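To start, the structure under review is shown below, and the notes come after it.
The values are calculated or read from the model by the stated rules, or taken from the named source; none is laboratory data. Note that this is a predicted model, so its numbers are computed, not measured. Counting neighbours? That spans all protein chains shown, and the Cβs are built from the backbone with ideal geometry, glycine included.
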Amino acid sequence: MKLDTVFNYANFYTKVLRNKPSPERPFRLHYLDAFAGTGEIPLGVSLPTLEGIIDAEEVIVGSVRRALSVDMPFSRYVFSDLRRKNTKELQTLAADYSHLKDHIEIVGRDANDVVRDFCSSLGKGDRALIFLDPFGNQVRWETLEIIAATEKVDLWYLFPAWLGIARQVKNNGQVVKEAERSIDSMFGPFDWRSHAIAKTTSSQGDFFADAPVELEKIASADGMTRFMIECMASIFGGGVAKSWLPLGRGGQPHYSLLFACSNPGKRAKELAQKVAREIMTRK
């Protein structure tokens, strides 16, 4: 799943900020993975929306293990998963990093609530990196607003452009009923339907009557990704990268890995965007 992108950035993040704003009083650096799972992704396990897109050897080292293995550790790690079984496995995995035991928190709550509380805990001397990697449409728009409002967080967001949105729109323009509410929640006040569904005039109408209007699917992974970037750019003071990393298999981009910076400071946002861009284009 090219998790290397996120954790190459994590290595950059901890190195460049380790002595900022001064060696005597450096920032306290926090890391949050709000959908940590078990920390590892075994092949052969049928996950709700990840089935068929994992391309690794026997086991892919998950986001938790990679975060705990960055060259210069964060001051605080928070790993969240709603499933009790997964939090127990996360605790077992964390035990492998005994030197970080006082810096690791494992939380068994809804990811949106965890992000809210995590962001509210950040003070003046704190900076944070958040990784949102949901299996589906769990990230609410209000959660992105909370992150953006901190002006202290860099965000990597595994956005389900095709699996969670484009695939949920049928060719006749109808949205899968079970998915519609969650898509509404992801985009908040923004009209995602106008980027997913088009109205066309039927050629079968009576010559003297108004032709009936039909709906047609126009949703694509690229189109929905561009629209989400546009929406996020309206709230993230440090900007949202206009390029993204499509993730999938067989030429189908199931997910889009997005980067956003909440810090509106000129130097901070320019550096963050430059590094994120370079990392995403590495071969």
> Inside segment 1-70, counting only strands (runs of 3 or more DSSP E) that do not spill past its ends, which hold 1 or more residues that are in contact with a Gly (Cβ under 7 Å, 6 or more places away or on another chain) and at pLDDT below 95?
Replying inline: 40-42
>> Suppose we filter segment 218-232 for residues that are free of Cβ contacts under 8 Å to residues at least 12 places away in the same chain and small (Gly, Ala, Ser); how many remain?
In response: 0
>> Which residue is surrounded by the most Cβ atoms within 10 Å (Cβ to Cβ), if the candidates are limited to segment 89-102 and must be part of a helix (DSSP H, G or I) and touching a helix residue (DSSP H, G or I) at 6+ places or on another chain (Cβ under 9 Å)?
In response: LEU90
>> Of all residues being of a type in the set (A, V, I, L, M) and assigned to a strand (DSSP E or B) in segment 234-279, which is surrounded by the most Cβ atoms within 10 Å (Cβ to Cβ)? Just the residue, please.
In response: ALA260
> Applying the selection to segment 140-184, what residues are more than 23 Å from ASP222 (Cα to Cα), outside any helix (DSSP H, G or I) and either among the aliphatic types (A, V, I, L, M) or modelled with pLDDT under 95 (or both)?
Replying inline: VAL153
